[in-house]
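**Student:** Supplied in structure tokens, the structure appears directly below.
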Amino acid sequence: MKKLAMILVALLMVVALVAGGRKEANTTAAATGEAKGYTYGEGVTFHSDEPVTYTMFFSDASWYPMVDTWKTEGLFKDIEELTNVHLDITSYDSSVYTDKITLAINAGDSAYIIPKVYDESKFVNGGAVVAVSEWTKYMPNFTAFYNKYNMKTDVDTIVKEDGKFYRLPGMHEAAMQDYTILLRKDLFEAAGINLEEREKTWNWDDLYDDLIKVKAYMVKQGLITDKDYVWSDLWCGSESGQGTGGNLLKIIGNSYGINAGWALGNGVQFDHDKNEWYFAAGSENMKKFLALVNKYVKGGILDPETFTQDDQTATGKFYNGKTAIISVNRGQYETFRSGLDAGIGAGNYELYYAMTPVGLYTYTAESSRLENGVMIATRALDELGEAEFIKMLRFVDWFWYSSEAYSLYKWGPEGKTWHWETDAETGVKVKKLLPGFKCGGLGIAGAEDDVDIRLKWGYAGGNFWYAHTLAEVSDNFAPYLQSFYARLSKYRTAKLLSPAVKATEDESEQLNLWGTPLKDNIAAWSLQFITGQRDLNKDWDAYIKSCDTLNSKAIVDLTNEIYKRDN
């Protein structure tokens, strides 16, 4: 189990790294493509001599939806002017993105470039996407990062039975916990709770006790009634929870050693001590985890509508002062602040960006250095031909793995939206938005009439902005985030990565055939246990039997058979 101390060390050096390394990185080893007509290379801007168009899917987030100015004035115009590449975008709402691209890919109507993919398994066997591992030799930025930061162990977790991988993952220099909880510090302090001290060692039962006190205070002040809930979360319900309990069950489950919510899978996990796979969704740890969440619901703390409501409903309750805690990530912090300013008024609240409590373990909710990533459709290879396909890959390489492109889609063009400033305290150069701009996605607030560079122009959007070096990832971090990662490094640990299971095409098809209904079953029973529709003590055996009926034991046996064959 490795400590996250590297994060703290790197954060202390972050500004100097960004300021000192940017210019030099862009002057390294230029190269010319084998075919005429474009330039590429590590640290070199991809540019096609002739205009070229590539089709691409796009996951459109409802909280910052794409508008025309992204194409006419913003990110996509910048890309085209810089590279001579026009991106022909097919956009789907993020709540149905995976379903929509699955239908299109299966119908043979895929875009060439398929970003924002978390699990490529269902697309591999049909041959609809290329084995990108065979083509990374043409991707100098990807290769340089992979080698410099020793990414092999991480990338091996997505390698299939044929020894290849089919998704170009976002790669982090170090594991970075993003999703956590945001607390109304003013309400906690009024209830007599010192968050800075409390969170160092608190567990989920401690947080429950604290929220009981916070609720009592809010009821006494007439802010809510005793029938109201003080926690009603987002990213768990009808819009983004995917029927699994979403983010909240993921972060709580992980502290119990359980993959849940967004991380559910088929319920099978690896036991490093026993060197084997087992059905974790039927374990005692699973039962303890579900009992804990049910305690929050049963005790009047966690709103059961968390698992059915849309995200706007959840944030509305927080903005109006009806709840005291909500899930958050780096990109949403300033959005939440703006919502509170509008709902209860600036100056009437104080926030605390908190570590999640521990369960049976001190694990963070993230241990991998991989992010979601990009698939490339086989259709692109068929229609473009090998030479032009390689050219497109070199654009993809520049776009997702170069420092230049990362800065562009995160911050916008230098001089248009941001510039370098010398920090008065440290004397080092840091990136700052120009006057008149703000960005909820970067966690940078501004005046009400300031232009949000994400809303207007599409910068700092989740389709492209993820992973890279710690210096790049954290170059927008406000003091509250630097404090958060320093505390996380000191008081939490990262879970060991599970090894890859390299199934054959037939084995993978069988595991998927069994795993899909099993996953749905686990998710449905879990939410019923949590909301009290099923009783954990009376109905647990029936739940286990239902999983057995849906081949939970067969999945474990086959998974172990495959694993032992390769190890």
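Okay, residues lined up against (1) under 21 Å from Gly241 (Cβ atoms); (2) open to solvent by 30 Å² or more (accessible area, probe 1.4 Å); (3) without any contact (Cβ under 8 Å) to a residue 40 or more places away in the chain:
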site	(1), (2), (3)
Thr504	no, yes, no
Gly515	yes, no, no
Asp520	yes, yes, no
Trp525	yes, no, yes
Arg534	yes, yes, yes
Ile544	no, yes, no
Asn551	no, yes, yes
Leu558	no, no, no
Glu561	no, yes, yes
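**Student:** Also, quick follow-up: Tell me, which helices (runs of 4 or more DSSP H) wholly within segment 174-241 include 1 or more residues that are of a type in the set (D, E, K, R), in contact (Cβ under 8 Å) with a residue 60 or more places away in the chain and crowded, with 23+ Cβ neighbours inside 10 Å?
**Tutor:** 204-220
**Student:** Here is a further query. Quick check: anything in segment 279-299 within 16 Å of Ile530 (Cβ to Cβ) and either without any contact (Cβ under 8 Å) to a residue 12 or more places away in the chain or in a loop (DSSP other than H, G, I, E, B) (or both)?
**Tutor:** Yes.
**Student:** Among the helices (runs of 4 or more DSSP H) lying completely within segment 376-424, list those that include at least 1 residues that are hydrophobic (A, V, I, L, M, F, W, C) and under 12 Å from Asp78 (Cβ atoms).
**Tutor:** In segment 376-424, 386-401, 403-411 are the helices (runs of 4 or more DSSP H) which contain 1 or more residues that are hydrophobic (A, V, I, L, M, F, W, C) and under 12 Å from Asp78 (Cβ atoms).
**Student:** Here's a follow-up. Could you tell me how many of the residues in segment 155-171 are open to solvent by less than 10 Å² (accessible area, probe 1.4 Å) and within 30 Å of Leu234 (Cα to Cα)?
**Tutor:** Of the residues in that region, 4 qualify.
**Student:** Of the residues in segment 356-383, how many are within 30 Å of Tyr256 (Cβ to Cβ) and either without any contact (Cβ under 8 Å) to a residue 40 or more places away in the chain or open to solvent by 10 Å² or more (accessible area, probe 1.4 Å) (or both)?
**Tutor:** So the count comes out to 14.
**Student:** In segment 435-457, which residues are farther than 18 Å from Tyr333 by Cβ, under 28 Å from the mean Cα position of the chain (by Cα) and outside any strand (DSSP E or B)?
**Tutor:** Lys456, Trp457
**Student:** Shifting gears a bit: For residues in segment 331-352 being touching a residue at least 60 places away in the same chain (Cβ under 8 Å) and touching a Ser or Thr at 6+ places or on another chain (Cβ under 9 Å), which is surrounded by the most Cβ atoms within 10 Å (Cβ to Cβ)?
**Tutor:** Gln332
**Student:** Evaluate segment 500-512: report whether one residue or more is among the hydroxyl-bearing types (Ser, Thr, Tyr), assigned to a helix (DSSP H, G or I) and under 19 Å from the mean Cα position of the chain (by Cα).
**Tutor:** Checked against the condition, which is being among the hydroxyl-bearing types (Ser, Thr, Tyr), assigned to a helix (DSSP H, G or I) and under 19 Å from the mean Cα position of the chain (by Cα), segment 500-512 yields no hits at all.
**Student:** Please go through segment 479-496 and pick out each residue that is out of contact with any helix residue (DSSP H, G or I) (no Cβ under 6 Å at 6 or more places or on another chain), touching a residue at least 60 places away in the same chain (Cβ under 8 Å) and open to solvent by 20 Å² or more (accessible area, probe 1.4 Å).
**Tutor:** Tyr480, Ser483, Arg487, Lys490, Lys495, Leu496
**Student:** Between a residue in segment 100-121 that is in contact (Cβ under 8 Å) with a residue 12 or more places away in the chain and any residue that is assigned to a loop (DSSP other than H, G, I, E, B), which pairs come within a Cβ distance under 6 Å, given they are 6 or more apart or on different chains?
**Tutor:** Here the result reads Ala104/Ser110; Ile105/Ala128; Pro115/Asn463; Lys116/Asn463; Val117/Arg167; Glu120/Tyr166; Glu120/Arg167, each pair linking segment 100-121 to a residue that is assigned to a loop (DSSP other than H, G, I, E, B).
The values are calculated or read from the model by the stated rules, or taken from the named source; none is laboratory data. All of these numbers come straight from a predicted model, not from anything done at the bench. All Cβ positions, glycine included, derive from the backbone under ideal geometry; neighbour counts span all protein chains shown. Calculation scope for accessible area: heavy atoms of the full protein, side chains included, ligands and nucleic acids excluded. Shrake-Rupley method; radii C 1.70, N 1.55, O 1.52, S 1.80 Å.
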